[in-house]
Amino acid sequence: MVGKLKLKQPPEILFPLETYAENPKGFLVLTGKNGTGKSFAAKEILSFLGRSDKFYDSDHYLFISQTELFIKWHHQLSEWKDTYYLIKEVFNKVKYLVLDDIGTRRPSDAFMDFIYQIIDYRWSNNLCTIITTNLTSEDVREKFGDAFLSRVGSGVVVEFEGEDRRLTEWG
């Protein structure tokens with residue numbers, strides 16, 4: 001598989017990403033500072049999965065940031081007074097899920113319960129779930145709790161290093 005992901009990353013980062021893309025089960029956590037390529041890598045893995053999965057279509061994948069997730073959750077709760085549809089018909093059914101920028105804000109208890117339901121179901125069913133975050137494991141524990149950390153940390157964790165590429169390109 002080497003070289004099938006179109007990423008400019010060193011081998012110690014590229015190898016676990018390509019290995020996961022070949023067998024996308026459980027969690028892949030991409031951690032590191034802003035601008036090191038985590039979200040780009042998650043999108044490239046989704047693109048690779050699309051090229052290699054003959055049954056792949058737009059209903060099979062979802063790339064969503066924590067902010068977008070909160071907006072969807074809040075809208076669903078305001079409009080319908082529950083989040084059953086989002087949990088059962090969207091996040092539990094999607095084949096490939098990327099939760100981008102997890103931890104950009106501390107979730108309220110109610111939103112944390114919602115996120116935890118998603119994480120717990122996907123962990124229990126060994127579903128492809130990619131998480132990008134700027135947080136360390138200790139930060140994740142502090143913001144989301146031990147049970148959340150235990151589930152997402154059960155997968156492959158890849159730490160991205162380097163400078164913020166966006167700032168480097170900008171100025």
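Every read-out reported here was derived from the displayed coordinates using simple, explicitly stated rules and does not represent laboratory data. Note that the structure is a prediction, hence the values are computed from the model and not measured. Using ideal geometry, Cβ is built from the backbone for each residue, glycine included, and neighbour counts are taken over all protein chains shown.
In the chain, the DSSP-assigned H stretches of four residues or longer account for a calculated mean residue ellipticity at 222 nm of -14000 deg cm²/dmol, using -39500 (n - 2.57) per stretch and the full residue count as denominator. In the stretch 80-171, Rg over Rh equals 1.01, where Rg is the alpha-carbon radius of gyration and Rh the Kirkwood radius from pairwise Cα distances.
For the stretch 4-9, backbone phi angles converted through the Karplus equation (6.51, -1.76, 1.60; θ = phi - 60°) give residue-by-residue couplings of 7, 8, 8, 10, 9, 9 Hz, Gly and Pro being listed as x. For the chain, the dipole from Cβ point charges (+1 on Lys and Arg, -1 on Asp and Glu) about the Cα centre works out to 360 debye, to the nearest 20. Under the simplified labelling scheme, the Asp53-Asp146 pair shows an inter-label distance of 3.4 nm, with each label point 7 Å from Cα along Cα→Cβ. Which residue, Thr31, Leu127, Leu77, has the largest displacement toward the positive end of the dipole of the chain when charges sit on each Cβ (Lys, Arg +1; Asp, Glu -1)? Positive-end residue among those listed: Leu127.
If a spin label sat at a point 7 angstrom from the Cα of Asp113 along the line to its beta carbon, the backbone N atoms of the stretch 61-87 nearer than 12 Å would be those of 82-84.
Tell me the angle of helix 38-52 to the major Cα principal axis of the chain, expressed in degrees between 0 and 90 and rounded to the nearest ten. Orientation of helix 38-52: about 90 degrees from the principal axis. Amide H contacts for Ile131 (H built 1.01 Å from N in the peptide plane; partners 5 or more residues away or on another chain; cut-off under 5 Å): Leu28, Val29, Leu30, Leu99.
Between helix 109-124 and the chain there is an angle of about 60 degrees, using the helix long axis and the longest principal axis of the Cα atoms. Report the paramagnetic label zone for Glu79: residues of the stretch 95-136 whose backbone N is under 19 Å from a point 7 Å from Cα along the Cα-to-Cβ axis. From the stretch 95-136, the list is 111, 114-115. Charging the Cβ of each Asp and Glu at -1 and of each Lys and Arg at +1, and nothing else, the dipole of the stretch 60-158 about its Cα centre rounds to 240 debye.
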